[in-house]
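Below is one structure; the comments refer to it alone.
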Amino acid sequence: MNRLDSAHRAFERLLEYIVILLMVAMFLVIVAGVSFRKAGAALVWYDEVAEILLCWLTYYGAALAALKRAHIGVPTLVRMASEGVRRLCFVVAEGTVFAFFALFAWAGARILPVLEFDFMTTIPEISTQYTYSVIPIGAVLYMIAQALSLPTAWRKSASPDSAPLAQ
């Protein structure tokens, strides 16, 4: 196993643990919220916290899906193309994805200072800067995932039997 494969596997494990942790946390928050509401003592904060956890789960899960090349694609169309066209589509698709997420990370990072004095509605001790930090972090994680899966996807782009374009 080479270094790239080791990095790929370690990053995959890290994202899996984070996604599992976020899913468990969201489950516990929702169960607690529902239980307290049933008991007649509703928690004012659980809706907002569950929404934030869902956003974080979405961003981290998207990075994990990118690492596994599991996003929506058009594999039949790609398979029908010649090797040259497949490779060109691959380069254009990858460049577009990297450019989009680089812009997304930049814009997300630029908005964080603006949110410094904006606080959560139900938990005013927590700045929304922390909750929205998932935008640039998620974008960077997505780009790392794309980069780690790039060599394997490039090799597959030569074969008509596999369609590496998952974006």
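Each value in this text was obtained by applying a stated rule to the coordinates, not by laboratory testing. A quick note: this is a predicted structure, and the numbers were derived from the prediction, not measured. Every residue, glycine as well, gets a Cβ built from its backbone with ideal geometry; the counts of neighbours run over all protein chains shown.
Within 10 Å of each candidate Cβ there may be at most 14 other Cβ atoms; applying that plus a DSSP loop requirement, which chymotrypsin sites (Phe, Trp or Tyr not before Pro) in segment 68-167 survive? If you can, show how the numbers build up before the last one.
Values: sites: 90, 98, 100, 101, 104, 106, 117, 119, 130, 132, 142, 154; in loops: 117.
In loop regions of segment 68-167 (DSSP not H, G, I, E or B), the sparsely surrounded chymotrypsin sites (Phe, Trp or Tyr not before Pro) are 117.
About the Cα centre of the chain, how large is the charge dipole given +1 on each Lys and Arg Cβ and -1 on each Asp and Glu Cβ? Please answer in debye to the nearest 20.
The calculated dipole for the chain is roughly 680 debye.
Direction-averaged shadow area of the convex hull around the Cα atoms of segment 3-156, nm²?
On the way: hull surface 45.3 nm².
If I average the Cα hull's projected area over directions, I get 11.3 nm².
Calculate for the chain the 222 nm mean residue ellipticity that helices alone would give, adding -39,500 (n - 2.57) per DSSP H run of length 4 or more and normalising by residue count, nearest 500 deg cm²/dmol. Each step should come with its number before you reach the end.
Values: 6 runs with 121 residues, N = 167.
-25000 deg cm²/dmol, from helical runs alone.
How high is the relative contact order of segment 3-156, in percent, counting Cα pairs under 8 Å that sit 6 or more residues apart?
With pairs under 8 Å counted, the relative contact order is 29 percent.
Can you list the GluC sites (Glu not before Pro) in segment 12-72 that are in a DSSP coil and have 15 or fewer other beta carbons within 10 angstrom? The partial results should precede the final answer.
Numbers: sites: 12, 16, 48, 51; in loops: none.
Passing both the DSSP loop test and the Cβ count: no residue.
Please find the FRET efficiency linking residue 82 to residue 7, where r is the Cβ-Cβ separation and R0 is fixed at 35 Å, and quote it to the nearest 0.05.
0.60
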